[in-house]
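Below you'll find the structure, written out as structure tokens, and then a few comments.
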Amino acid sequence: MAPYISTGIFWEILKQWAKGAKVIVVDIPLLFEVKMDKWTKPIVVVWVSQETQLMRLMERDGLSEEDAGNRVMAQMSLDLKRSKADVVIENNGDLDHLNQQFSKVLSEIRRPLTWTEFGRSRQGVFSVLGLVTSGLFVCKHFSIGS
């Protein structure tokens, strides 16, 4: 991925975070290959069997079986991506089944935050900044009065 594209994605994520977005979905097929997995949490991989992947690729793009196989082999395997994922959504079924699984994942992601997750959130960062600023003000006020 060209650096200007990954920089653009990073800034878009930052803008959404600053606006208070609770969930930001970033669809990056080459997430691991371009090392952007370091910037995302949780990592959700939509997994499909290789047979289904080839069939869908041939149908969608009108490729021969050989061309579709070459395209799949040029990428990191979905099994390896699956092993690196925090959450795996199986996509061998129909669209309704995929949507049901995505809804379950989304409800899990929207659960109450842990303290670590809160600390990384926009609200957590501003809370910490507010506490530090207030603490510095109080310390300065009392040290000047002494």
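The values are calculated or read from the model by the stated rules, or taken from the named source; none is laboratory data. Just so it is clear, the model here is predicted, and its values are computed rather than measured. Please note: Cβ atoms are built from the backbone with ideal geometry, for glycine as well, and neighbour counts cover all protein chains shown.
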Checklist entry - Of all the residues that make up region 82-122, how many are part of a helix (DSSP H, G or I) and either touching a residue at least 40 places away in the same chain (Cβ under 8 Å) or over 22 Å from V23 (Cβ atoms) (or both)? => result 7
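Matching residues to (1) part of a strand (DSSP E or B); (2) farther than 23 Å from F118 by Cα; (3) within 9 Å of the chain's Cα centre (by Cα):
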| residue | (1), (2), (3) |
| --- | --- |
| W17 | no, no, no |
| G20 | no, no, no |
| I24 | no, no, yes |
| E33 | no, yes, no |
| L54 | no, yes, no |
Next on the checklist: Being surrounded by 12 or more Cβ atoms within 10 Å (Cβ to Cβ) and of a type in the set (D, E) is true for just one of D67, D96, D61. Which residue is that?
Outcome noted: D67
Next on the checklist: List the residue pairs whose Cβ atoms are under 7 Å apart, where the first residue sits in region 47-63 and is under 13 Å from M73 (Cα atoms), the second is among the small types (G, A, S) and in a helix (DSSP H, G or I), and the two are 6 or more positions apart or on different chains.
Outcome noted: L54/A68; L54/G69; L57/A68
Checklist outcome for this item: Restricted to region 23-40 and to residues being under 21 Å from S107 (Cα atoms) and surrounded by fewer than 12 Cβ atoms within 10 Å (Cβ to Cβ), the residue modelled with the lowest pLDDT is V23
Checklist entry - Hey, N91 hits all of (1) touching a helix residue (DSSP H, G or I) at 6+ places or on another chain (Cβ under 6 Å); (2) over 25 Å from R120 (Cβ atoms); (3) loosely packed, with under 13 Cβ neighbours inside 10 Å but one; which does it fall short on? => result (3)
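Quick check, is G124 within 27 Å of K41 (Cα to Cα) and either out of contact with any Lys or Arg (no Cβ under 9 Å at 6 or more places or on another chain) or among the aromatic types (F, W, Y) (or both)?
yes
Table: residues versus (1) of a type in the set (G, A, S); (2) at pLDDT 85 or above; (3) closer than 19 Å to V25 by Cβ; (4) in contact with a strand residue (DSSP E or B) (Cβ under 9 Å, 6 or more places away or on another chain).
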site	(1), (2), (3), (4)
R120	no, no, yes, no
V125	no, no, no, no
V128	no, no, no, no
L136	no, yes, no, no
Item to check | Residue within region 2-13 that is surrounded by fewer than 16 Cβ atoms within 10 Å (Cβ to Cβ), assigned to a loop (DSSP other than H, G, I, E, B), modelled with pLDDT under 90 and more than 18 Å from the chain's Cα centre (by Cα) present | outcome: yes
